[in-house]
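One structure is given below, encoded as structure tokens.
The values are calculated or read from the model by the stated rules, or taken from the named source; none is laboratory data. Everything numeric here is computed off the predicted structure, so don't read it as measured data. Counting neighbours? That spans all protein chains shown, and the Cβs are built from the backbone with ideal geometry, glycine included. Each accessible area value is taken on the protein alone, full model and side chains, heavy atoms only, with ligands, DNA and RNA left out. Shrake-Rupley method; radii C 1.70, N 1.55, O 1.52, S 1.80 Å.
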Amino acid sequence: MPWEAVRARRGAFRIPRGRRQTRHLGLRCKTVRAPIGRTRWASGEWPELLGLCNNFSYVVMLSAAHDILSHQRTPGNQSHVDPDSTPTSHNSSSRFDCNPVSTAAVLLADILPTLVIKLLAPLGLHLLPYSPRVLTSGICAAGSFLLVAFSHSVTISLCGVVLASISSGLGEVTFLSLTAFYPRAVISCWSSGTGGAGLLGALSYLGLTQAGLSPQHTLLSMLGIPALLLASYFLLLTSPGPQDPRGEEDSDPAARQPLINNETSESKPGFGSPLSLQERWTVFKGLLHYIVPLVLVYFAEYFINQGLFELLFFRNTFLTHAQQYRWYQMLYQAGVFASRSSLRCCRIRHTWILALLQCLNLAFLLVDVWLSFLPSIYVVFLIIVYEGLLGGAAYVNTFHNIAMETSDEHREFAMATACISDTLGISLSGLLALPLHDFLCQLS
């Protein structure tokens, strides 16, 4: 069947000629019937699969942060390491087992390129069709695994982390903008997929290294994920059919409060001319009551993850320092996955509550790092799961609320703009975690 490239408001979709598109039914991530010759989940479950593949390399690099900075390599590049090896202190004068550089350095390398991409995206990224963006994202993800796996210095490894950041940032902006052409229910599916990426990425890195595989070979074994990303987009994704993008969940119009007055926008065609600067500014101001809480949530949780995880070291346990760090990352991602998949069960409109709780979480763990009053690592495990639940809930509810309160012609811009929130919060946390690490590691 011949294909033609169709521009859909500055983005390219591949639509088969003469092929009738199916309607997406309500909140489900599946469709009852898919186009002929395509897999059943091609048009309905794409947000979950693409969300998983897009965030996978980003998560793996954070899970490997302790290994990257301690530069774990086995003699002779053997394929296995001893998972129960005794930890060696990098700073014997400190009561913490500190790396010379904080894991926040990996966080910054993994987030600053994403921040630049998201800051520039609303200004002109829409001029580039979706397909080249996705291709670039996949290539960068594969390059990140290869560069970190074969590097022989921390500097080269951090360059590989930068590639993972470019991949994740470009992909997130692209796919969140792409949701503007599908039912609003796909936001829940996308969030569930990104949460799954966190859990699968952290769990696979933990499991393979715990089983005895070296960090290098663990990274090389993950090269199939970027290939799956490209295959999912170019081979499985179908175009949206003519449908009400609000879906069944929008049956109560009174529950939505538009970000801007829609009286003037009603007269405009759905996906017509580009938004003016005045319209963009108006939409941005309407987003602030969602952007600010999400910035605070991500600031607090990543300050914990990359600033405090390394310092929450328990010597009276069978886990080594590196293994404790990997367990922290995995449990955090498990909490994120659970809450990002909870939108159908629980919806939170006042996301500032989640920001307040996450900041209290940060304060509590910061006091514990200073005073070391928690008796067991298992208490920290529970707190970290709770931290992940707050972060995942903030993410999925923020984007769901924005999708519900934005008119069709503004939604693509609103989603691309709002996704800067988490990146900004993470970047600020990394900048502050670096000096905190140096200060605490100098304590005797």
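If you add up the charges near Ile117, with Lys and Arg at +1 and Asp and Glu at -1, over every other residue whose beta carbon is less than 14 angstrom from its beta carbon, what do you get?
-1
Taking the simple approach of a point 7 Å from Cα along Cα-to-Cβ for both Leu360 and Tyr378, what is their distance in nm?
2.5
Calculate the all-directions average of the projected area of segment 287-444's alpha-carbon convex hull, and give it in nm².
Result: a mean projected hull area of 9.7 nm².
Could you pull the accessible area for Asp97 with a 1.4 Å probe, rounded to 10 Å²?
10
Between Ser276 and Leu146, take the C-beta separation as r, use R0 = 51 Å, and let me know the FRET efficiency to the nearest 0.05.
0.70
Not counting ligands, DNA or RNA, and with a 1.4 Å probe, what is His289's accessible surface area in Å² rounded to the nearest 10?
Number for this one is 100 Å².
Sort Ile383, Ile156 by heavy-atom solvent-accessible area, probe 1.4 angstrom, most to least.
Ile156, Ile383
Using all C-alpha to C-alpha distances in segment 305-350, build P(r) with 10 Å bins and read off the rounded percent in each one.
24, 37, 23, 15, 1
Find out how many positive minus negative residues lie around Ser102, taking Lys and Arg as positive, Asp and Glu as negative, among other residues whose Cβ is under 14 Å from that of Ser102.
Charge balance near Ser102 sits at -4.
In whole Å, what are the extents of segment 95-147 along the principal axes defined by its C-alpha atoms, from largest to smallest?
Principal-axis extents of segment 95-147 (Cα, largest first): 53, 26, 10 Å.
Could you estimate the translational diffusion coefficient of segment 306-393 from the Stokes-Einstein equation, with Rh from the Kirkwood formula over C-alpha pairs, at 25 °C and 0.890 mPa s, in whole µm²/s?
The calculation lands on 178 µm²/s.
Want the number for Asn316 to Asp438: 0.36 nm per residue separation, take away the alpha-carbon distance, what's left?
Length gained, Asn316 through Asp438: 41.5 nm.
Please report the net charge: other residues with Cβ closer than 15 Å to the Cβ of Val161, K and R +1, D and E -1.
Spelling it out: positives minus negatives among the neighbours equals -2.
R0 = 35 Å: FRET efficiency of Val292 with Thr136, Cβ-based, nearest 0.05?
0.70
Taking 0.36 nm per residue of sequence separation and subtracting the Cα-Cα distance, how much length would be gained by fully extending the chain between Val116 and Ala211, in nm to one decimal?
Difference between extended and current length: 30.5 nm.
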